[in-house]
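Chemist: Below: one structure in C-alpha cells.
We did not get these values from a lab; they are worked out from the coordinates using the rules stated. Computed from a prediction, not measured in an experiment: that's the story for all the values here. Quick reminder, even Gly has a Cβ in these numbers, built from the backbone with ideal geometry, and neighbours come from all protein chains shown.
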Amino acid sequence: MIEPRKVEVAYTEGHWLAEVEPDYDEPFDCRTLQKLIDKVQRDWPDQPLIFVVDQATVEGHVGAESQLVEASEKSGALVVSSTRL
C-alpha cells in the first residue's frame with residue numbers, strides 16, 4: 001500500500017501556503033485553498049495526498065474558515081484540520 005504524501009497547509013496574510021513532505025523544492029503559495037489543492041494535485045497526479053491544515057492559522061479568519069469547509073467538500077481531496085503541524 002502506498003503511504004499518502006503529507007501536505008502541510010497554513011493560512012497567513014490572505015494566502016494559503018503548503019509544504020509537501022517528505023521533499024519539496026519550495027512552498028506552494030495560492031490565494032485560495034481550492035487553487036492550492038489543484039496545484040499540488042497537478043504536481044503529484046499519481047500520489048495519494050493528505051492536506052493537513054493548521055487550524056490555528058485559520059481560526060478567526062472567516063474567509064479562510066469557509067474556504068476550508070468548501071475545499072473539504074468540493075475538492076475530492078482528503079483535507080483534515082490539525083491543531084498542531
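Chemist: Listing Ile50, Ile2, Ile37 from the residue with the fewest other Cβ atoms within 10 Å to the one with the most, what is the order?
Modeler: With the fewest neighbours first, Ile50, Ile2, Ile37 line up as Ile2, Ile50, Ile37.
Chemist: Below 8 Å between Cα atoms, with a sequence gap of 6+, how large is the relative contact order for the chain in percent?
Modeler: 31 percent
Chemist: State to the nearest 20 debye the size of the charge dipole of the chain about its Cα centre, where the only charges are +1 on K and R beta carbons and -1 on D and E beta carbons.
Modeler: The calculation lands at about 260 debye.
Chemist: By how many degrees, between 0 and 90 and to the nearest 10, does the Cα long axis of helix 62-74 differ from the longest principal axis of the chain?
Modeler: 40 degrees
Chemist: Mind checking which of Thr57, Ala77, Val40 is farthest towards the positive end of the stretch 9-85's charge dipole, using Cβ charges of +1 (Lys, Arg) and -1 (Asp, Glu) about the Cα centre?
Modeler: Among Thr57, Ala77, Val40, the one farthest towards the positive end of the dipole of the stretch 9-85 is Ala77.
Chemist: How big is the chain by the Kirkwood estimate over distinct Cα pairs, in Å?
Modeler: Hydrodynamic radius (Kirkwood, Cα only) of the chain equals 12.7 Å.
Chemist: At what distance in nm do the modelled label points of Glu21 and Asp46 sit from each other, each positioned 7 Å from its Cα along Cα→Cβ?
Modeler: 2.4 nm
Chemist: Just rank Leu49, Leu78, fewest to most, by other beta-carbon atoms within 10 angstrom.
Modeler: Least to most surrounded, the residues fall as Leu78, Leu49.
Chemist: Hey, another quick one. For Trp16, Trp44, which order do you get if you count the other beta carbons within 10 Å of each Cβ and list the fewest first?
Modeler: Ranking Trp16, Trp44 by Cβ neighbours within 10 Å, fewest first, gives Trp44, Trp16.
Chemist: Expected output is a single nm value to one decimal: the length gained when fully extending between Arg31 and Ile2, i.e. 0.36 nm times separation in residues minus the C-alpha distance. What is it?
Modeler: Between Arg31 and Ile2, full extension yields 7.4 nm more.
Chemist: Working out 0.36 nm times the residue gap between Val62 and Val80, then minus their Cα-Cα distance, what length gain in nm do you get to one decimal?
Modeler: Length gained between Val62 and Val80: 4.7 nm.
Chemist: For the stretch 40-85, list log₁₀ I(q)/I(0) at each q in 0.17, 0.27, 0.28, 0.31 Å⁻¹, using the Debye formula over Cα point scatterers of equal strength and ignoring solvent, two decimals each.
Modeler: Log10 I(q)/I(0), no solvent term: -0.52, -1.03, -1.06, -1.14.
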